[in-house]
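Chemist: Structure provided below as structure tokens; questions to follow.
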Amino acid sequence: MIEKDDLQTLERAAVEILRVVERYRLGEEVAQEKRNLFYFIKSSPCLFGGIPAGTR
């Protein structure tokens, strides 16, 4: 039979797993946004009023 302490331990473990999954998901979203920004800047012929990209 499952004890109350066992259920609480399982609940805490499940909450921690969900936190880790959420941090990973957010990390992936941030990484994708950074990649998108990098490719946008890389593909832009000119930024900041005539100053070539990468020289600022």
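Coordinate-derived values only; no laboratory data. Bear in mind the structure is a predicted one, so any value in this text is a computation, not a measurement. When we count neighbours, we look across all protein chains shown, and the Cβ atoms used for this are built from the backbone with ideal geometry, even at glycine.
Chemist: Full-extension gain between residue 24 and residue 41, please, as 0.36 nm times their residue separation minus the C-alpha to C-alpha distance.
Modeler: The span from residue 24 to residue 41 would gain 3.6 nm if fully extended.
Chemist: Quick one: order 34, 4 by neighbouring beta-carbon count within 10 Å, fewest to most.
Modeler: The fewest-first ordering by Cβ neighbours comes to 4, 34.
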